[in-house]
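Encoded as structure tokens, the structure appears first; notes follow it.
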Amino acid sequence: MTRTVNGLDALKQLAGSDLGTSDWITVTQDRITGFADAAGDHQWIHVDPEKAKDGPFGAPIAHGHLTLALFIPLFTELLDVHGVTTKVNYGLNKVRFPAPVPAGSRLRLAARLAAVDDVPGGVQVTIDGTIEIANGKKPACVLQSLSRFYA
């Protein structure tokens with residue numbers, strides 16, 4: 001469920017809060033292939049299902065950066081900030097990919113609003129996120145994301 005806040009002061013009040021989990025999404029082979037086309041990364045482990053069956057994971061897997069890119073649409077299910085003029089991705093502090101994401105896997109985001117710090121004209125938000133794999137022993141991605149919201 002999306003939590004909606006209005007303005008920077010309301011956002012600051014959420015610092016340290018657990019934002020919950022997003023809905024599950026399925027990472028299809030079509031999505032993996034589309035990402036390969038966009039990124040120019042057509043390694044067989046991602047785009048050749050027949051060859052990937054005999055590879056180390058027994059199936060084609062998503063690119064790590066595809067999994068990371070899914071952070072934004074999953075995060076927007078958790079927090080919607082109104083009363084600001086601009087929202088920008090400011091970067092990442094940490095990113096790890098503990099487990100591969102086989103085609104057909106379902107993923108969701110669990111997130112915590114770790115910090116909200118003042119910056120000129122707005123705030124910088126630090127999000128601790130874990131992209132989970134349904135029935136997985138390890139997460140697909142663990143990250144710390146930075147975003148800026150300007151008044």
If you roll a 1.4 Å probe over the heavy atoms of the protein chains, what accessible area per residue do you get for the chain, in Å²? 53 Å²
Per-residue ellipticity at 222 nm attributable to helices in the chain (runs of n ≥ 4 DSSP H, -39500 (n - 2.57) apiece, nearest 500 deg cm²/dmol) works out to -5000 deg cm²/dmol
At 7 Å along the Cα-to-beta-carbon direction for both TYR90 and ASP54, put a label point, then send me their distance in nm to one decimal. 5.0 nm
Here, VAL142 and ARG31, labelled 7 Å along Cα→Cβ, have an inter-label distance in nm of 2.3 nm
Only Lys, Arg, Asp and Glu count, each charged at its Cβ (+1, +1, -1, -1), so figure out the dipole size of the chain about its Cα centre, rounded to 20 debye. 280 debye
Links exceeding 30 Å between C-alpha atoms in this model, out of LYS51/LYS94; LYS12/LYS137; LYS53/LYS138; LYS87/LYS137, come to LYS51/LYS94; LYS12/LYS137; LYS87/LYS137
Run through every distinct alpha carbon pair of the chain and return the Kirkwood hydrodynamic radius in angstroms, one decimal place. 16.3 Å
Express in nm, to one decimal, how much length is gained between TYR150 and THR76 on full extension, taking 0.36 nm for each residue of separation and deducting their alpha carbon distance. 24.9 nm
Give me the Å³ per residue figure for the convex hull around the C-alpha atoms of region 80-138. 122 Å³
Looking at TRP24, SER147, ASN93, which one has the Cα that reaches farthest to the positive end of the dipole of the chain (charges on Cβ: Lys, Arg +1; Asp, Glu -1)? ASN93
Any idea what % of Cα-Cα pairs in region 20-72 are farther than 16 Å? 41 percent
For region 88-147, the percent of accessible surface on carbon and sulfur atoms (probe 1.4 angstrom, ligands and nucleic acids excluded) is 48 percent
With a 1.4 Å probe and all protein chains left in place, how much of the accessible area of region 27-73 comes from carbon and sulfur atoms, in whole percent? 56 percent
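The values are calculated or read from the model by the stated rules, or taken from the named source; none is laboratory data. Because the structure is a prediction, the values reported are computed rather than measured. With ideal geometry, Cβ positions are generated from the backbone for all residues, glycine too; neighbour counts draw on all protein chains shown. Ligands, DNA and RNA are excluded from the accessible area calculation, which covers all protein heavy atoms including side chains. Shrake-Rupley method; radii C 1.70, N 1.55, O 1.52, S 1.80 Å.
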